[in-house]
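Notes follow once the structure below has been shown.
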Amino acid sequence: TMSSSKSLLVLENFIGGKFVPCSSYIDSYNPSTGDVYCRVPDSGKEEVEAAVRAAKDAFPIWSSKSPLERSQILNKLADLIEHDLEAFAQAESKDQGKTITFARTVDIPRAVHNFRFFASSILHHTTECTEAAAGGCLHFTSRTPVGVAGLISPWNLPLYLLTWKIAPAIACGNTVVAKPSEMTSVTAWMMCKLFEKAGIPHGVVNVVFGTGSKAGEAIVCHPDVPLISFTGSTLTAQRITEKSAPHCKKLSLELGGKNPALIFDDADLNQCIPATVRSSFANQGEICLCTSRIFVQKGIYNEFLKRFVAETKKWKVGNPSDPTVNVGALISKEHLEKVRNYVKKAQAEGAKILCGEGVDSLVLPAGNQKGYFMLPTVITEIKDESCCMQEEIFGPVTCVVAFDTEEEVIERANGVKYGLAATVWSSNVSRVHRVAQRLQSGLVWTNCWLVRDLNLPFGGVKASGVGREGAKDSYEFFTEVKTITIKY
């Protein structure tokens with residue numbers, strides 16, 4: 001009915017410094033209630049064309065600003081987001097299903113930090129220079145912005161990952177056409193309202209909302225977008241690679257993971273267990289860095305399992321706006337179904353479900369009965385070949401298996417197509433170094449999880465991605481290098 005649709009939030013594309021209505025819209029759901037709560041533009045070629053034109057028009061002015069001028073604008077935007085931190089956190093929690101606590105302490109602070117970090121790092125880059133005395137030549141490199149950057153971000157950490165792309169792109173002097181996930185567009189739209197106040201010229205950042213297959217594809221296929229940064233699934237990345245190949249675009253792809261934890265018998269379990277529960281179930285397990293294969297050395301296997309399950313059962317599932325809740329709702333009905341199906345497959349294969357889905361009963365508040373909730377689930381007695389041990393589940397599900405030797409566990413940990421992150425738990429320094437060297441993984445954390453220094457490279461190997469992001473890496477990706485030789 002008309003009356004109910006009036007109360008819905010209706011988003012608009014942000015093109016050339018203005019909010020522009022769209023001819024058609026997609027429904028976006030509140031994952032914790034199952035109700036439609038927002039309408040998102042269903043953009044396509046036409047909207048992307050307008051956004052690219054605005055970005056191209058803004059490029060000469062923006063790219064000719066000094067790094068210091070751009071830095072000041074990025075810092076101003078960071079201050080504005082931080083000023084509205086609570087409103088952003090509430091919106092992110094409602095739109096994505098994550099707990100208000102996680103949005104408040106992780107998502108929005110990190111989005112603010114992304115702008116501050118690149119506002120600072122852009123001031124500290126130097127280029128290379130060599131002097132060839134014999135030929136009387138000076139060789140040096142110069143870096144210039146690429147042009148219009150196409151940025152496509154996912155639904156799990158919406159503002160966090162969108163700003164991790166926008167910040168370096170504009171810090172380097174590029175202009176942007178960005179597309180957040182159609183399932184989580186609200187915080188991106190809220191941020192657009194702050195651009196003018198931050199002093200970002202019209203057309204520097206354009207945001208088109210819509211699906212990957214329509215809006216995303218239009219960005220990827222546009223001949224005037226020379227560079228694409230994408231975070232999402234390996235399947236979509238394959239399509240992006242194919243579609244962008246005829247245009248020889250620069251690609252940065254941050255994809256899925258099937259991340260192992262290797263827990264040796266000399267691990268400090270008092271630290272390891274709470275951290276591994278967190279690395280398995282934080283943000284409903286919807287983080288590409290989550291642990292989903294836990295290898296435990298035989299000597300401590302039984303003790304680990306008992307304590308791990310006991311800790312997992314303490315995690316409270318419920319209304320994301322309740323500050324005492326640890327696990328919110330999964331992103332969508334379809335995604336919940338997909339995650340549940342993995343647990344069913346494990347059961348069919350004879351694996352044991354120790355807690356969670358199908359074993360314990362989920363009690364939800366009255367208003368959340370139709371939400372997309374699931375208990376943190378621990379699976380054991382499962383084979384390495386099982387799809388639950390090979391494929392990215394991206395939900396609150398983890399598998400725990402035993403191992404004998406260091407040699408064996410390295411081989412098993414490497415035995416998947418992914419290679420994003422790994423964690424190693426041991427108090428033996430030599431072992432930690434040996435194992436870290438041999439894991440096929442873009443990141444290895446030892447005796448901790450998700451501790452990030454944004455200066456250092458982030459990214460994966462194998463099916464987990466192409467390219468790296470970080471202070472130096474993002475600068476290199478978002479600029480073109482030129483070698484200049486001067487004979488004197």
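Below are the figures for this structure:
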{"quantity": "Test: residue in the range 451-462 that is open to solvent by 20 Å² or more (accessible area, probe 1.4 Å) and among the small types (Gly, Ala, Ser)", "calculated": "no"}
{"quantity": "The range 129-158: number of residues that are modelled with pLDDT under 95, of a type in the set (Gly, Ala, Ser) and not in a loop (DSSP other than H, G, I, E, B)", "calculated": "1"}
{"quantity": "Filter result (part of a strand (DSSP E or B) and more than 17 Å from the chain's Cα centre (by Cα)) within the range 445-462", "calculated": "Trp445, Thr446, Lys462"}
{"quantity": "Among the candidates Val317, Val309, residue that is at pLDDT 95 or above and under 18 Å from Pro260 (Cα atoms)", "calculated": "Val309"}
{"quantity": "One residue from Lys333, Lys306, Lys344, Lys316 being of a type outside the set (A, V, I, L, M, F, W, C) and within 29 Å of Glu406 (Cβ to Cβ)", "calculated": "Lys306"}
{"quantity": "Candidates Ile228, Ile200, filtered to the one that is hydrophobic (A, V, I, L, M, F, W, C) and either outside the structural domain of Leu251 (by the TED database) or over 21 Å from the mean Cα position of the chain (by Cα) (or both)", "calculated": "Ile200"}
{"quantity": "One residue from Arg452, Arg438 being basic (Lys, Arg) and either within 30 Å of His113 (Cα to Cα) or in contact with a strand residue (DSSP E or B) (Cβ under 9 Å, 6 or more places away or on another chain) (or both)", "calculated": "Arg452"}
{"quantity": "Filter result (open to solvent by 50 Å² or more (accessible area, probe 1.4 Å), outside any loop (DSSP other than H, G, I, E, B) and touching a residue at least 24 places away in the same chain (Cβ under 8 Å)) within the range 311-333", "calculated": "Glu311, Lys313, Lys333"}
{"quantity": "Within the range 1-107, strands (runs of 3 or more DSSP E) holding 1 or more residues that are touching a strand residue (DSSP E or B) at 6+ places or on another chain (Cβ under 9 Å), under 28 Å from Gly395 (Cα atoms) and open to solvent by less than 20 Å² (accessible area, probe 1.4 Å)", "calculated": "25-30, 35-41"}
{"quantity": "Hits in the range 108-117 - residues which are buried (at least 18 other Cβ atoms within 10 Å of the Cβ), of a type outside the set (A, V, I, L, M, F, W, C) and under 24 Å from Ala329 (Cα atoms)", "calculated": "Arg110"}
{"quantity": "Test: residue in the range 277-285 that is open to solvent by less than 10 Å² (accessible area, probe 1.4 Å), hydroxyl-bearing (Ser, Thr, Tyr) and either at pLDDT 95 or above or outside any strand (DSSP E or B) (or both)", "calculated": "yes"}
{"quantity": "Selected residue (only one of Glu391, Glu407 is among the charged types (D, E, K, R) and under 30 Å from Gly97 (Cβ atoms))", "calculated": "Glu391"}
{"quantity": "Enumerated strands (runs of 3 or more DSSP E) restricted to the range 340-438, each holding at least 2 residues that are open to solvent by less than 10 Å² (accessible area, probe 1.4 Å)", "calculated": "377-380, 397-403, 421-425"}
{"quantity": "Near pairs, Cβ below 6 angstrom, 6+ apart or cross-chain, from the range 40-58 (assigned by the TED database to the domain that holds Tyr29) to any residue that is basic (Lys, Arg)", "calculated": "Gly44/Lys214"}
{"quantity": "Tally, over the range 296-310, of residues that are in contact with a strand residue (DSSP E or B) (Cβ under 9 Å, 6 or more places away or on another chain) and either basic (Lys, Arg) or crowded, with 20+ Cβ neighbours inside 10 Å (or both)", "calculated": "5"}
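The values are calculated or read from the model by the stated rules, or taken from the named source; none is laboratory data. Keep in mind the model is a prediction, meaning the values are calculated, not measured. Cβ atoms come from the backbone with ideal geometry, glycine included; neighbour counts cover every protein chain shown. For accessibility, only protein heavy atoms count, side chains too; no ligands or nucleic acids. Shrake-Rupley method; radii C 1.70, N 1.55, O 1.52, S 1.80 Å.
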